[in-house]
Amino acid sequence: MKHATRVLAGLLLTCTVAGAEAAEAKYPERPIRFIVPFVPGGPSDILSRLVGGKLGEQVGQTIVIDNRGSVGGVVGFELGAKAAPDGYTLTLCANSGLTINPHVYLKLPYDPLRDYQPITQLTTGGNVFVVHPSVAAKSVTEFIALAKAKPGQLNHATTGTGNLLGIAHFKLMAGVDVVNIPYKGTGQAVVALIAGEVQMFFMNPLVAITHVNSGKLRGLAVTSLTRNPALPELPTVSESGLPGFQNITWHSIVVPAGTPRPIVKRLNAELVKVVNLPDVKERFQGQGLTAVGSTPEQMGALMREESMQVAKLVKQIGYKPQ
């Protein structure tokens with residue numbers, strides 16, 4: 001009897017494994033949900049629609065964009081982390097959700113290293129230091145002088161923990177008092193900046209370049225350590241009087257931890273193809289971003305390394321987690 005039970009259990013296990021392998025081999029068989037933890041119109045939304053459209057063409061399925069905007073993207077990141085680990089829910093992550101949020105929130109409903117399986121890093125690039133055209137400053141040096149002459153009278157926008165931490169670091173290094181005005185998403189912040197409700201912002205190049213080139217906003221510098229080919233006339237903040245300053249933004253795609261390895265490998269292979277498509281790379285470059293297309297292991301290493309760097313920065317600037 002015991003032998004028969006063991007045989008039956010073995011057969012059931014074999015059938016279960018075979019069934020799972022068959023499902024993985026046919027993946028994807030239905031539309032894929034693509035969570036974007038930010039409001040429509042921002043850099044993450046723009047990126048998701050470009051990458052999602054190309055991915056859908058390659059795998060023969062519809063990629064359904066699901067915008068879940070909230071301050072810091074926490075709502076969307078939590079949904080992505082708690083989704084079924086079957087490959088049918090992807091999450092587009094700005095680096096803030098993976099490496100910054102854990103160090104600036106007292107309570108976070110997800111753990112990036114525990115709850116997520118990295119797929120690939122899509123892009124990397126510095127932000128653009130922009131101001132309203134009415135601001136009497138045409139360089140970072142002039143802005144710092146203006147802010148020191150008017151302590152607490154200038155405002156800056158923030159839309160999440162990435163630019164919040166970056167601007168806090170800038171204010172500490174420059175020794176200026178500029179008031180933070182938080183917005184739910186980049187689209188809202190851009191409207192407020194163009195209207196003159198706030199005076200400065202660290203803006204993702206995906207959105208900034210169009211407004212800088214049109215003259216609606218004035219670019220003062222880029223926050224990477226090297227100049228951006230899409231805005232070659234702009235110096236870096238580092239070469240503008242604050243040596244060593246940088247504020248990098250990058251995007252990636254993750255799935256819930258526990259997603260079967262064959263599906264992880266398939267998604268990585270397809271997304272690396274997307275990132276390396278000539279028209280996609282050209283689109284990225286024209287918008288001030290560098291295409292990456294890393295392995296899951298490389299992305300995991302980046303998450304761990306940057307998370308440690310952010311932890312040190314939070315202590316350095318004296319930021320108190322909220």
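The values are calculated or read from the model by the stated rules, or taken from the named source; none is laboratory data. Keep in mind it's a predicted model, so treat the numbers as computed, not measured. Note: ideal-geometry Cβ built from the backbone for every residue, glycine included; neighbour counts use all protein chains shown. Accessible surface is based on the protein model in full, side chains and every heavy atom, while ligands, DNA and RNA are left aside. Shrake-Rupley method; radii C 1.70, N 1.55, O 1.52, S 1.80 Å.
Worth pointing out:
- Counting only Cα atoms, the stretch 217-306 measures 49, 31, 20 Å along its principal axes, largest extent leading.
- Candidate lysines for bridging to Lys273, where Cα separation is under 20 Å - those fewer than 8 sequence places away on the same chain excluded: Lys26, Lys54, Lys265, Lys281
- Antiparallel %, DSSP beta bridges [both residues in the chain], to 5: 60 percent
- Angle between the chain longest axis and helix 43-59 axis [Cα atoms, degrees, rounded to 10]: 30 degrees
- Prolate/oblate/rounded label for the stretch 145-201 (Cα gyration tensor, a/c 1.5): oblate
- Cα-based Rg and Dmax for the stretch 20-80, where Dmax is the largest Cα-Cα distance (Å): 13.2, 40
- Cross-link table Lys148/Lys315; Lys107/Lys312; Lys138/Lys171; Lys150/Lys171; Lys150/Lys312, entries beyond 21 Å C-alpha to C-alpha: Lys148/Lys315; Lys150/Lys312
- Axis angle, to the nearest 10 degrees, between helix 296-317 and the longest C-alpha principal axis of the chain: 40 degrees.
- Evaluating kT/(6 pi eta Rh) at 37 °C and 0.692 mPa s, with the Kirkwood radius of the stretch 18-155 over Cα pairs in the Stokes-Einstein relation, gives 185 µm² s⁻¹.
- Portion, in percent, of the accessible area of the stretch 161-203 that falls on carbon or sulfur, probe 1.4 Å: 60 percent
- Charge dipole (the stretch 67-185, unit charges on Cβ, about Cα centre) - positive-most of Ala137, Ile100, Asn67: Ala137
- Förster radius 22 Å - calculated FRET efficiency between Ala257 and Glu29, Cβ distance, rounded to 0.05: 0.50
- Each of Ala149 and Val71 was given a label point 7 Å from its Cα along the Cα-to-Cβ line. The distance between the two points is 3.3 nm.
- Residues in the stretch 91-109 reached by a label modelled at Gln322 [backbone nitrogen below 20 Å; 7 Å Cα→Cβ]: 94-109
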